[in-house]
Amino acid sequence: MSAGAPRSLASSGQKSIQDICHPLSAEESALNPGSAADTGLILPNGTPVDTSSLASSSSLLNRLQLDDDLDGETRDLFVTVEDPKKHVSTMETYITYRVCTKTTRTEFDLPEYSVRRRYQDFDWLRNKLEESQPTHLIPPLPEKFVMKGVVDRFSEEFVETRRKALDKFLKRVADHPVLSFNEHFNAFLSAKDLNKRQGLALLTKMGESVKYVTGGYKLRARPAEFAAMGDYLDLFTQKMGTIDRIAQRIIKEQSEFLMELREYGPVYSSWSSFEEDLHDPLEGVSGCMSNCSSALEELTEDMSEDFLPVLREYVLYIESMKNVLKKRDQVQAEYETKLEAVVFREDKKPPVPSDVEKCQDRVECFNADLKADWDRWENNKRQDFRQLLTGMADKNIQHYEKCLAAWESLVPLLQDKQEAEGETS
Amino acid sequence: KQDASPPPRVPCKPMPTKNNLLDSRQTKEKRSFCMVEKGTSLLKKMEISVAEAEKRTGKNAVNMQETYTVYLIETRPVDAASEGTNPVPDSLWRRYSEFELLRNYLLVTYPFLVVPPLPEKRAEFVWHKLSADNMDPDFVERRRVGLENFLLRVASHPDLSSDKIFYSFLTEENGWKETVFETGFQAKADSRLKALNATFRVKNPDKRFAEMKHYGDELQSVISQLLRVRARAADRLYGVYKVHGNYGRVFSEWSAIEKEMGDGLQSAGHHMDAYAASVDDILEEEEHYADQLKEYLFYADALRAVCRKHELTQYELEMAAQDLTSKKQQREELATGTIRTFSLKGVTSKLFGQETPEQREAKLKMLETQIEEGEELVKERNAECEEFVKSAWVDIERFKEQKDHDLREALISYAIMQISMCKKGIQVWNNAKECFSKM
């Protein structure tokens, strides 16, 4: 174990907040005297380091509440995104959504709020969260840009898909033990007019300290678990890319098949026009083909509108996750370098510069936050993909069920012989 | 006089029976026109099948080495099976060109019948997976089925089934070709062919035949369109299913980097593979439907041929009648001395003087003979025409009913096939869904 590597944190287990010591506190050093000596960060007089920083206590909170399945009793903040409406002005046309909040938290002035927000506002919120909570993984937003001409931004389906994604985003922030207390989030939910320029003043202490971490420090050894996260994200991105390509290819092939399918109807119809006995059966087949065409059209549209966007969100999101990992590396690197500089000084006696202490603090909080959020992300990812893939299966099942119904209703028509058949002779 | 059981309906390929609606229809006898068989259909006495196909090599007419396929025709008396003895069937090998020879013979000998068509000479309306190569085993297999179908159609036809050349095609391996040529049908074929290819106009076209010909044109056009669309659609559908197989692979790779999600993904991937593989059976069954359509595409041609031959018959009658009329007119002119029609002879005789009474007498006599012959010819041709119309119309009505029945059955089995495909699709995706829900 190299001199600069931070100790892995004690597991919080089932303890309450009050019972858990800050990693830098004196009590904990009493529990692990050996490791304390290694780092050389215990103050010689035994006094505990200031633990009142927002970052450390919040990271403790973060480590505790890993379980997403909070029962209704413990949840005190409920958020929904609903009621999309179109706004037309001379300059632009856009959609707003109603954001409803119900809460018992004292951080909010009122128990209920209802405000209208547009996508831009959600985007602002996410950026602010990323800025002010750099040690956390911020949930993803649906894609900002959509190709004009390919997708209708004002179609019911597109708006609904977006609404669902925005709703999921807010719910995940609301359920996060740290992010949900963020003041930007509060403003987003409660302010009548969102003054987006007032962001700068609301940076958290941790945010501020991490924000000014300079790069350029070399990382000695990335801890295995974070290295594993990075590797996983790379592989995961690859797989997502492949799945995206496959889904697109399927949609393309289905669209081309649909083009041919659409040709069948008219041909059978024109055939029926010069047949007597076969007129009804052929018309029936023509109608059936039309039904199958519609069903297939719906399937391809659904896949384009519901499936692909969610996949893409994940790929975008992973980029931001990787950035968080990089930042963590930088914070650790700075700490290690500064620590080394101190260790190699001639006089080992004097109190450890608070600069190095701050660095260690940052590293350990960052690691804690990231670990907790990673576990949260894993859970969410599992949920999201279970939902996404089950949804894909459902859409395909529905498509086949529609076609099945069409063909099954046709068979009796085909088998039914007209009583008037013998009249021609 | 009515035959209680109409000639057996011959399916292209043994098909699963759907219901008994068909049988009940047959016993109703709503039509006043009855399907009297001229002689018993051959199929009541004999089982016929094209059992196998084999490749042969040999020297052709210009002494060059060639590879060709031969088909094994097996025949067995119907009673044999019921006796329980199950003897070895009689068999002989024939190649496609011999089938063609048989059909050409039938076409010339029974021009008033809608002669069943042969399976296509070259693979048309192919989609990418099907080979257009005549030697391709799938093509050969489908041809084998088509040839069997052809034989069964002929054997169940009220008139064609009693043809001796047809019978010896099925039973005499050697010398059959010579027997056919001995009938002298080639000569008839050549002259007819020449006449048919020539453009001619009929003065009083028979409305019914004209309508039938038009119907044949339309049927041919619409089935061609349908087959073209089908070929393109088959290509696309193949692509859709096969790409899903890629999900199988990527889910497998993905599952390797997951902990809890891994098992669900892996098993779902297997279902995606199964889905991708299922398209081969689907398209094979669809091919069967395409073959049924193709038979009627070629039948449409046979129908048009009958109409065309009728036209020719009528044309020849009209020509004979016209010739007779003109000869009669000439006689009248000669007798009365008045020239009603313009003729070079008339002009020259005016210019160079009249003929002698002896010459006139000789001419008149010749004309009388010609008129007599002409009247005989017209009577003959008239009778031919009437006979043709009568026989052709009987067969056309028979064909119409067969077509309506067969195409309806084809549509039903197509619908049933689609239903089966949908059910399989639902099952596969339900399986996959179950795996996803366990992720």
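The values are calculated or read from the model by the stated rules, or taken from the named source; none is laboratory data. Because the structure is predicted, anything quoted here is derived from the model rather than measured. FYI the Cβ positions are ideal-geometry reconstructions off the backbone, even for glycines, and counts take in every protein chain you see.
Couple of notes before you dig in:
- Filter pass, residue B:401 being farther than 30 Å from residue A:391 by Cβ, within 14 Å of another protein chain (Cβ to nearest Cβ) and out of contact with any helix residue (DSSP H, G or I) (no Cβ under 9 Å at 6 or more places or on another chain): yes
- The condition (being modelled with pLDDT of 95 or more and either buried (at least 20 other Cβ atoms within 10 Å of the Cβ) or of a type outside the set (Val, Ile, Thr) (or both)) is satisfied by just one residue among B:413, B:420: B:420.
- Of residues in segment A:264-275 being buried (at least 18 other Cβ atoms within 10 Å of the Cβ) and more than 7 Å from chain B (Cβ to nearest Cβ), the one nearest to the chain's Cα centre (by Cα): A:265
- The single residue among B:331, B:304 that is under 30 Å from residue B:232 (Cα atoms), part of a helix (DSSP H, G or I) and touching a helix residue (DSSP H, G or I) at 6+ places or on another chain (Cβ under 7 Å) turns out to be B:304.
- Selection of first residues in segment B:426-439 that are more than 7 Å from chain A (Cβ to nearest Cβ) and closer than 9 Å to residue B:264 by Cβ and of second residues that are aliphatic (A, V, I, L, M) and buried (at least 18 other Cβ atoms within 10 Å of the Cβ), restricted to Cβ pairs under 6 Å at least 6 apart or on distinct chains, gives the following pairs, ordered by first then second residue: B:435/B:268.
Conditions (1) assigned by the TED database to the domain that holds residue B:322; (2) at pLDDT 90 or above; (3) of a type in the set (Lys, Arg); (4) within 19 Å of the chain's Cα centre (by Cα), marked per residue:
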residue: B:191; (1), (2), (3), (4): yes, no, no, no
residue: B:194; (1), (2), (3), (4): yes, no, yes, no
residue: B:198; (1), (2), (3), (4): yes, no, no, no
residue: B:201; (1), (2), (3), (4): yes, no, yes, no
residue: B:206; (1), (2), (3), (4): yes, no, no, no
residue: B:209; (1), (2), (3), (4): yes, yes, no, yes
residue: B:212; (1), (2), (3), (4): yes, yes, no, yes
residue: B:218; (1), (2), (3), (4): yes, yes, no, yes
residue: B:223; (1), (2), (3), (4): yes, yes, no, yes
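- Test for residue B:276: is it within 30 Å of residue B:407 (Cβ to Cβ), more than 8 Å from chain A (Cβ to nearest Cβ), in a helix (DSSP H, G or I) and not hydroxyl-bearing (Ser, Thr, Tyr): no
- Options A:346, A:298; residue that is within 30 Å of residue A:256 (Cβ to Cβ), surrounded by fewer than 16 Cβ atoms within 10 Å (Cβ to Cβ) and either modelled with pLDDT of 90 or more or acidic (Asp, Glu) (or both): A:298
- Cβ separations smaller than 8 Å between residues 6+ apart or across chains give the following pairs from segment B:410-425 residues that are at the interface with chain A (Cβ under 7 Å from one of its Cβ atoms) and in contact (Cβ under 8 Å) with a residue 12 or more places away in the chain to residues that are among the aromatic types (Phe, Trp, Tyr) and assigned to a helix (DSSP H, G or I): B:425/A:400; B:425/B:275.
- Taken as a whole, segment B:131-140 holds no residue that is without any contact (Cβ under 8 Å) to a residue 60 or more places away in the chain, assigned to a loop (DSSP other than H, G, I, E, B) and within 19 Å of the chain's Cα centre (by Cα).
- Residue within segment B:249-265 that is part of a helix (DSSP H, G or I), free of Cβ contacts under 8 Å to residues at least 40 places away in the same chain, under 21 Å from residue A:257 (Cα atoms) and at the interface with another protein chain (Cβ under 10 Å from one of its Cβ atoms) present: no
- Residue-level check: of (1) within 21 Å of residue B:431 (Cα to Cα); (2) more than 9 Å from chain A (Cβ to nearest Cβ); (3) surrounded by fewer than 20 Cβ atoms within 10 Å (Cβ to Cβ), residue B:191 misses just (1).
- Just one of (1) of a type in the set (D, E, K, R); (2) within 31 Å of the chain's Cα centre (by Cα); (3) modelled with pLDDT of 95 or more fails for residue A:402. It is (2).
- Residue within segment A:243-263 that is farther than 30 Å from residue B:256 by Cα, surrounded by fewer than 17 Cβ atoms within 10 Å (Cβ to Cβ) and of a type in the set (A, V, I, L, M, F, W, C) present: yes
- Scoring residue B:97 on the criteria (1) assigned to a strand (DSSP E or B); (2) surrounded by fewer than 13 Cβ atoms within 10 Å (Cβ to Cβ) leaves a single failure, condition (1).
- All positions within segment B:199-220 that are more than 25 Å from residue B:117 (Cβ to Cβ) and within 11 Å of chain A (Cβ to nearest Cβ): none
- Whichever residue in segment A:406-420 is more than 7 Å from chain B (Cβ to nearest Cβ) and surrounded by 15 or more Cβ atoms within 10 Å (Cβ to Cβ) and, among such residues, is modelled with the highest pLDDT: A:406
- As a summary of the residue check, residue A:237 satisfies the conditions (1) at the interface with chain B (Cβ under 8 Å from one of its Cβ atoms); (2) assigned to a helix (DSSP H, G or I) except for the one numbered (1).
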